[in-house]
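Heads up, the thing below is written out as C-alpha cells.
The values are calculated or read from the model by the stated rules, or taken from the named source; none is laboratory data. None of the values given here were measured: they were computed from a predicted structure. As a convention, Cβ positions derive from the backbone with ideal geometry for all residues, glycine included, and neighbour counts pool all protein chains shown.
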Amino acid sequence: MKALRYLGPSVLQLQDVEKPVPKAGEVLLRVKACGICGSDVHGYLGLTGRRTPPMTMGHEFAAQVEALGPGVTTLQVGDRVAPYPVDFCGQCDTCTSGNAHLCPQKRQFGVLTVDGAFAEYICVPAHLCFPIADGVSYQEASLMEPLAVACHAVNRMPDLAGKKVLIVGMGTIGLLVLQCCLLKKPEKIFVTDLSDSRLALAKAMGADVCCNTDKGEKLPEQVDVAFEAVGAEGAVRSVMDALKFGGTAVWIGNNKPVIQVHMQQIVTRELQVKGSFLYSLEDFKTVVGLINEGKVCLKDLISAQTDLEGAAAYFKTLAENPGDLVKVVVNP
Ligand SMILES: [Zn+2]
Ligand SMILES: [Zn+2]
C-alpha cells in the first residue's frame with residue numbers, strides 16, 4: 001500500500017509499504033479522509049520532537065472497515081467510522097479514572113513512532129471506532145478529532161453562561177472552540193486572528209466581535225475566560241493581558257516546550273491558567289453525537305482537499321505560506 005512517510009525535517013515521501021494485518025480485536029481500515037493538523041506541520045518541520053522519523057503521520061481520520069481481525073464482533077466490513085486515535089492500556093489508574101488520553105502507556109496514531117493515517121490502510125482496535133451517520137461525509141468526520149480537542153478545552157471551564165469569552169487564533173481549533181463555546185451560551189465572544197478571511201469565517205459562525213491584531217485592532221473590553229489556540233508567545237501574552245482580575249486562561253496551543261510568561265501579572269491579578277491536552281473518550285463520544293446530529297458546522301472549515309500524491313506539497317505550503325488555508329484534508 002501507499003503511505004506518506006516522514007523521513008526527517010521537511011522530508012515527506014510517498015512510499016510502498018507493507019499493508020498491515022489486523023491482530024485480535026483490531027480492524028483493518030481503508031482510510032478515506034485524514035486532516036493535516038497544525039501539530040503535523042510543526043512535526044514535519046522537526047520543531048516539536050513529537051514526530052520521530054521514519055514514520056507515517058495522520059491522526060484526524062475517518063475510514064471504512066475493510067477487514068475484521070480475530071474476535072471482532074462490534075463492527076462489520078463496510079462500516080463507516082471515525083476512530084479515537086489514542087490507544088490506551090485501560091488498566092492503569094489514569095485510564096480507570098476516565099483519563100485514557102493521559103495514560104502513561106498510550107500510543108497515539110500518527111505521533112512519535114506510531115504510524116498514522118496518511119496511508120491507504122491502518123489497523124485500529126475495534127473498540128476505538130465510532131460509527132459515522134449516513135449524512136456525514138468522511139471529510140467532515142475527519143474533523144471529529146480537532147472538534148474533540150476543542151470540546152475538551154471548552155469543558156475545562158464548567159460554566160460559560162453569561163461570561164465574556166475571548167478566543168485567540170481562528171485556525172481549525174479556534175473556530176471549533178468558538179462553536180463549542182456558542183453551545184454554552186456565553187454573554188459575548190471576542191475572537192482575534194491575523195487573517196481577515198478567517199475572522200470572516202468566525203463572524204459567520206457566530207463570533208460577536210472580531211479583531212485583526214495584525215492591523216492593530218484592540219479588544220474593546222476585558223474578558224472572564226480566554227482560550228489560547230495558537231501556541232506562540234505573543235498569543236499567550238494577549239490572552240493573559242485580556243483577562244479581568246481573577247480571570248481564567250485555557251491554553252491549548254502546544255508548539256514550543258518553553259516560552260516566557262509574565263509571572264507577576266498572574267500573581268498580582270490572581271489569574272488562573274489551565275492546560276488542555278487532547279480529549280477523553282467521553283469527549284470523543286460527545287463530539288461524535290454533535291457531528292452525527294448536525295449541531296456543528298464543519299464543511300466551511302475545509303479549505304482544500306488533496307490525495308496522497310498531493311499531500312507533501314500542502315505540507316510545504318502550510319509550513320511556509322498558509323495564507324487563508326484552514327483545514328486541508330487528504331483523501332488517500
Ligand atoms: Zn490534531
Ligand atoms: Zn492506562
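Annotations
For (1) of a type in the set (A, V, I, L, M, F, W, C); (2) more than 24 Å from ASP193 (Cβ to Cβ); (3) in contact with a helix residue (DSSP H, G or I) (Cβ under 8 Å, 6 or more places away or on another chain), each residue gets a yes or a no:
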| site | (1), (2), (3) |
| --- | --- |
| GLY289 | no, yes, no |
| GLU293 | no, yes, no |
| ASP307 | no, yes, no |
| GLY310 | no, yes, no |
| TYR314 | no, no, no |
| ASN331 | no, yes, yes |
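- Within region 307-332, the set of residues being under 16 Å from GLU60 (Cα atoms) and either in a loop (DSSP other than H, G, I, E, B) or free of Cβ contacts under 8 Å to residues at least 12 places away in the same chain (or both) comprises ASP307, VAL326, ASN331, PRO332.
- Matching residues, region 243-261, being farther than 14 Å from VAL149 by Cβ and at pLDDT 95 or above: LEU243, LYS244, PHE245, GLY246, GLY247, THR248, ALA249
- The residues of region 1-57 that are among the acidic types (Asp, Glu) and over 16 Å from GLN108 (Cα atoms), listed by number, are ASP16, GLU18.
- Selection count where residues are away from ligand 1 (no atom under 16 Å from the Cβ) and in contact with a helix residue (DSSP H, G or I) (Cβ under 7 Å, 6 or more places away or on another chain), scope region 105-122: 0
- Selection status of THR48, touching a residue at least 24 places away in the same chain (Cβ under 8 Å) and either assigned to a loop (DSSP other than H, G, I, E, B) or out of contact with any strand residue (DSSP E or B) (no Cβ under 7 Å at 6 or more places or on another chain) (or both): yes
- Wholly enclosed helices (runs of 4 or more DSSP H) of region 149-255 bearing at least 3 residues outside the structural domain of VAL86 (by TED's automatic domain parsing) and over 16 Å from the mean Cα position of the chain (by Cα): 196-205, 233-242
- The set of residues from region 135-153 being modelled with pLDDT of 95 or more, more than 16 Å from ligand 1 (Cβ to nearest atom) and more than 27 Å from VAL17 (Cα to Cα) comprises VAL136, SER137.
- Test: residue in region 78-90 that is surrounded by 23 or more Cβ atoms within 10 Å (Cβ to Cβ), farther than 27 Å from PHE277 by Cα and not charged (D, E, K, R): no
- Taking the listed residues ASP79, ASP93, the one that is of a type in the set (Asp, Glu) and either over 30 Å from THR306 (Cβ atoms) or in contact with a Lys or Arg (Cβ under 8 Å, 6 or more places away or on another chain) (or both) is ASP93, with no other qualifying.
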